[in-house]
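Trainee: Take this structure, written in structure tokens, and hold onto it; I'll ask about it next.
The values are calculated or read from the model by the stated rules, or taken from the named source; none is laboratory data. Only a predicted model underlies this, so the values are computations on that prediction, with no experimental measurement involved. When we count neighbours, we look across all protein chains shown, and the Cβ atoms used for this are built from the backbone with ideal geometry, even at glycine.
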């Protein structure tokens with residue numbers, strides 16, 4: 001499939017022609033919840049119902065996106081965009097990737113456990129991870145750096161960030177919606 005054939009938005013994937021050609025990460029309730037919560041009215045929930053009706057293949061470990069990248073599925077996502085891009089470049093397939101809007105990003109954090117056996121060492125490690133050198137190391141490993149001072153393909157990329165409330169306080173609610181729509185079909 002050519003990049004131009006891939007819809008620019010998730011609504012484009014609700015066309016029946018995509019049935020049997022879509023792969024999703026099997027446990028991505030956070031992605032679904034973000035799209036529902038950031039869409040006006042019932043538009044996000046309606047989108048998920050229409051996607052569910054097409055019975056996308058569910059895979060774990062971002063395999064859905066990788067299967068799409070190697071031609072086994074027509075489209076895959078959500079995925080680790082930077083790693084997916086690097087994998088596709090290495091295989092000579094970067095021209096097939098197209099980010100679908102809205103792109104959803106998952107924030108990551110770092111901290112020191114309250115009863116860490118070596119809290120000063122943990123603080124030094126956290127300082128290193130957040131330093132320019134640590135952020136460059138993350139970028140070199142295919143991760144998106146937290147610092148915009150580190151050059152990355154994603155420095156100026158538009159995205160919507162998953163609300164921590166979705167993950168911490170509402171996970172049971174969104175897991176149920178996900179399972180009802182995509183797992184228990």
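Trainee: So in segment 121-149, with the set limited to residues that are at pLDDT below 95, over 15 Å from residue 109 (Cβ atoms) and touching a helix residue (DSSP H, G or I) at 6+ places or on another chain (Cβ under 7 Å), which one is surrounded by the most Cβ atoms within 10 Å (Cβ to Cβ)?
Mentor: 142
Trainee: In segment 174-182, is there at least one residue being in contact with a strand residue (DSSP E or B) (Cβ under 9 Å, 6 or more places away or on another chain) and at pLDDT below 85?
Mentor: no
Trainee: Filter segment 156-185 down to residues that are surrounded by 13 or more Cβ atoms within 10 Å (Cβ to Cβ) and not in a helix (DSSP H, G or I), then give me how many there are.
Mentor: Adding up the residues that qualify gives 6.
Trainee: Sticking with this structure for a sec: What are the pairs with Cβ atoms under 6 angstrom where one residue, in segment 157-172, is at negative phi and at pLDDT 85 or above and the other, located anywhere, is in a loop (DSSP other than H, G, I, E, B) and surrounded by 11 or more Cβ atoms within 10 Å (Cβ to Cβ)? Sequence gap at least six, or different chains.
Mentor: Pairs found: 160/102; 162/106.
Trainee: Is it the case, given these coordinates, that residue 152 is at pLDDT below 85 and either in contact with a strand residue (DSSP E or B) (Cβ under 8 Å, 6 or more places away or on another chain) or surrounded by 12 or more Cβ atoms within 10 Å (Cβ to Cβ) (or both)?
Mentor: Yes: the conditions hold for residue 152.
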